[in-house]
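As structure tokens, the structure follows; a few thoughts come after it.
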Amino acid sequence: MLRRVIGIDLLPGESPISTKNPRFSYVLLVDGVVKEKGEADLRYILNLADKTRVDAIAVDNVYEIAPTTEELQALFNSLNYTPKLVQVTLIGDKTYPLNALAASLGLGSEKLSPEQAAEVAAMLCHMGVGSEFVLFERDETRIVIAKGRHPSQGGMSMDRYKRNLEKLLLQKTREIREVLDKRGVDYDVFIAKTRFGVERAVFIVYASRDNLFGIVKPIHDHDLQLKIELVCKKNPIFVPLAKQPPRIRKNLDYLIVGVDPGITTGIAALTLRGELKLLTSGRELSRGHVARLLMAYGNPVVLATDVVPAPTYVRKLGSMLNAVLMIPSTNLTAEEKRRLVNEFSEARNVNILVENSHQRDALAAAIYAFKKLSPKLNEARDKVRKLGLDIPEEEVEVLVAKGSTIWDAIRNVSRKYYIPEVDIEIPEKIQSYPVDKIIQALYDKIYSMNRKIKELENDKNELIYRLKILEEQYQKILSFQNFILKKDKMIEMLNNRLNNLIVDLSKLNYELDKKKEEINYLKNIVERAALGEVILVPRVSNAKKLLEIPLPTGIAVIGVIKPGDDKLIAACANKQKLKALICENGYSEYYAKLLARYDIALLSEKDVRALYKLSNASVYDVHELRETVTTKLRENSEEVSRMLKDSVRALLESYKSERARLLKSKREDS
């Protein structure tokens with residue numbers, strides 16, 4: 001019976017999926033007596049549960065607290081003390097309305113207020129009615145040691161800080177191991193090691209979180225984080241509060257299991273006939289998790305590994321599963337493991353998807369153990385069939401796999417099925433019956449039974465033969481389906497490739513057309529050059545380059561004209577008879593006037609258009625260029641004449657003013 005219970009019920013208008021914290025009616029029940037009740041948000045109720053150490057929180061629907069299982073697990077994992085979560089309306093496999101339960105058990109009327117519903121839920125839970133929603137694994141706790149923060153990029157001081165942090169994690173990991181070993185607490189540990197220490201460590205402790213209080217304390221600071229967490233169930237289940245009759249376990253396969261432990265643990269399971277039942281892997285898997293996973297697929301008989309000696313994790317797992325340990329004489333190499341997996345796959349004509357090296361190592365270990373045991377298991381099956389015994393061959397094979405001789409295994413299983421466990425008292429009439437007649441009757445019975453067995457054996461062999469034919473046909477169908485799938489994928493891949501090639505071809509054709517147009521244009525220019533209709537004008541980047549190249553036409557293209565370049569251009573005009581300059585980046589009228597004094601026409605690209613541009617020269621229409629230069633020189637001549645007249649006029653005015661000043665000075669002196 002649960003002594004301390006908090007019953008809750010969601011208030012009208014509230015929702016667990018709301019962005020604000022929903023409010024509930026709550027009732028705290030201790031030994032069937034209401035100690036506190038009211039309305040509050042969920043955080044207050046959980047703090048009250050933590051403070052009063054209640055045995056359970058009762059509700060009519062667990063998803064009133066949180067909308068998903070994951071959120072429920074996160075919520076209850078955040079508590080220092082974790083009570084049971086009970087849905088009082090779930091009894092067995094059937095859910096009943098809360099008001100119907102209240103009415104039928106005399107706890108309330110058919111219509112309940114939120115406060116009454118909370119009290120009824122608490123009372124039902126106190127009475128043992130309902131089912132617990134088991135969110136976490138029993139007696140399993142995670143201790144996670146990690147960095148409080150991750151250092152960003154930096155120099156030598158940052159590297160030194162990172163080393164010190166990894167050493168701190170290593171020291172704390174050692175402390176936890178020493179404490180757990182000293183207390184005799186069973187655990188598994190997964191450590192991500194670095195060059196100088198530990199990056200992260202995870203302990204899977206096989207004890208409840210309550211038992212770790214006072215032994216291991218949580219730490220939350222800037223450098224180190226130590227968290228104590230419950231291990232969440234992958235598939236949470238409802239368990240009745242009242243005792244239920246034991247379930248009848250289904251007949252499962254006997255398994256040969258290969259395990260490759262580590263941060264990522266690989267698991268592979270084969271039946272005693274070599275059928276692959278399981279191939280998976282996962283990070284930081286506890287022995288309890290692996291054991292539960294394997295028990296869902298069958299009964300583990302043999303536990304195998306690929307290294308010598310067997311890791312502690314594997315030895316403890318074998319002890320937990322009551323399975324015999326099988327290890328190779330020497331460590332299996334990577335090549336041997338690949339060969340074992342490939343031969344196994346080819347022999348059974350199946351394509352095994354191996355996702356990582358951990359799965360491959362586990363599968364190779366299981367295959368190695370299977371190949372070692374197969375001769376004995378086959379011999380045991382053959383002897384059972386030859387003897388005509390109606391006993392399960394698998395049970396004989398299990399005993400042989402665990403180390404019994406074939407004959408001892410056959411005798412043990414035969415005694416189990418043929419010799420009664422309870423002595424039966426023989427009536428006096430049978431005791432007085434002649435022994436020889438009893439023996440003869442038994443012989444006759446045995447003979448008829450053996451004949452019946454032979455008939456059944458023949459029927460079985462015929463069914464096996466038919467089953468084999470059907471399996472072959474099924475494999476052919478699967479092979480054909482695989483061929484169709486591969487063909488469709490190949491066609492899709494080729495279509496995509498063809499579309500890409502078509503796009504590339506269209507781009508190349510476009511580029512080719514542009515090049516053809518350019519070539520035709522250049523041919524036209526060459527033909528016009530042969531007729532003297534175009535002229536090739538050299539190009540320079542600045543005025544200094546004008547003195548370094550010949551200017552046969554007296555015309556050049558210049559990139560830019562800088563202050564002071566007029567003197568260099570004038571020198572070039574005297575040396576190379578420069579007539580005109582075409583400036584690519586524009587120019588100031590000031591420079592045009594300066595160059596006009598030297599009878600040099602300064603043009604822009606707007607004044608005359610280039611037919612084609614090369615890196616060091618440009619092509620112009622000869623008539624257009626000459627006409628433009630002539631026009632510009634004529635304009636320059638007029639401008640120079642005007643400037644000369646202005647200069648002479650200014651000189652005369654200056655002379656007159658100076659002459660007048662001198663005459664005035666003489667008159668004043670006289």
Practice prompt. With a cut-off of at most 12 other beta carbons within 10 Å, and DSSP calling the residue loop, which trypsin sites (Lys or Arg not before Pro) in the stretch 1-99 qualify? Please list them.
Written response: 3, 20, 53
Worksheet, complete the sentence: Distribution output for the stretch 582-670: share of Cα-Cα pairs per 10 Å bin in percent, first bin at 0, values 14, 31, 21, 12, 10, 7, 4, 1
Discussion item. Run the simple label-point estimate for residue 462 and residue 199 please: 7 Å along Cα→C-beta, distance reported in nm.
Written reply: 6.5 nm
Worksheet item: Dipole magnitude of the chain about its Cα centre, charges +1 at Lys/Arg Cβ and -1 at Asp/Glu Cβ only, in debye to the nearest 20?
Response: 2380 debye
Worksheet item: Counting other Cβ atoms within 10 Å, which chymotrypsin sites (Phe, Trp or Tyr not before Pro) in the stretch 176-228 have at most 12 and lie in a DSSP loop?
Response: 213
Item to complete: Could you tell me the largest-minus-smallest coordinate of the C-alpha atoms of the stretch 1-70 on each of the three principal axes, in descending order and whole angstroms?
Response: 35, 24, 20
Worksheet item: Mind checking which aspartates and glutamates have their C-alpha under 19 Å from residue 507, skipping anything on the same chain fewer than 8 residues away?
Response: 517, 518
Worksheet item: Separation between the residue 650 and residue 15 pseudo-spin-labels, each 7 Å from Cα along Cα→Cβ, expressed in nm?
Response: 8.9 nm
Practice prompt. State, as an integer percentage, the relative contact order of the chain based on alpha-carbon contacts under 8 Å between residues 6 or more apart.
Written response: 7 percent
Worksheet item: Is it possible to state the helix-based mean residue ellipticity at 222 nm for the chain, with each DSSP H run of 4+ residues giving -39500 (n - 2.57), the sum divided by total residues, to the nearest 500 deg cm²/dmol? What is it?
Response: -17000 deg cm²/dmol
Worksheet item: Any idea what angle helix 114-127 forms with the longest principal axis of the chain, computed on alpha-carbon atoms, 0 to 90 degrees, nearest 10?
Response: 40 degrees
Worksheet item: When averaged across all projection directions, what area in nm² does the alpha-carbon convex hull of the stretch 67-215 cover?
Response: 13.4 nm²
Fill in: At R0 = 45 Å, FRET efficiency that the Cβ-Cβ distance of residue 584 and residue 495 yields, to 0.05
0.35
Worksheet item: Say each of residue 472 and residue 159 gets a label point 7 Å from the Cα, pointing the same way as Cα to Cβ; how far apart are those two points in nm?
Response: 6.8 nm
Fill in: Neighbour-limited loop hits for trypsin sites (Lys or Arg not before Pro), the stretch 131-234 (at most 15 other Cβ within 10 Å; DSSP other than H, G, I, E, B)
149, 195
Worksheet item: Helix 565-576: angle to the longest alpha-carbon principal axis of the chain, degrees 0 to 90, nearest 10?
Response: 60 degrees
Fill in: Accessible surface of residue 510 - all protein chains present, 1.4 Å probe, nearest 10 Å²
140 Å²
Item to complete: Counting only C-alpha contacts under 8 Å and six or more residues apart, can you give the relative contact order of the stretch 166-293 as a whole percent?
Response: 16 percent
Worksheet, complete the sentence: Order by accessible surface, 1.4 Å probe, largest leading, for residues 312, 82, 305 comes to 312, 82, 305
Worksheet item: For the chain, max minus min Cα coordinate along each principal axis, in Å, sorted largest first?
Response: 184, 73, 55
Discussion item. If I fit a long axis through the Cα atoms of helix 622-669 and take the longest principal axis of the Cα atoms of the chain, what angle between them do I get, 0 to 90°, rounded to 10?
Written reply: 60 degrees
Worksheet item: When the chain is fully extended, how far beyond the present Cα-Cα distance does residue 315 get from residue 482, taking 0.36 nm per residue of separation?
Response: 56.0 nm
Fill in: Gain upon complete extension [residue 374, residue 307; 0.36 nm per residue less C-alpha separation]
22.0 nm
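The values are calculated or read from the model by the stated rules, or taken from the named source; none is laboratory data. Computed from a predicted structure; not experimentally measured. Here the Cβ is made from the backbone with ideal geometry for all residues, glycine too, and neighbour counts use every protein chain on show. Ligands, DNA and RNA are excluded from the accessible area calculation, which covers all protein heavy atoms including side chains. Shrake-Rupley method; radii C 1.70, N 1.55, O 1.52, S 1.80 Å.
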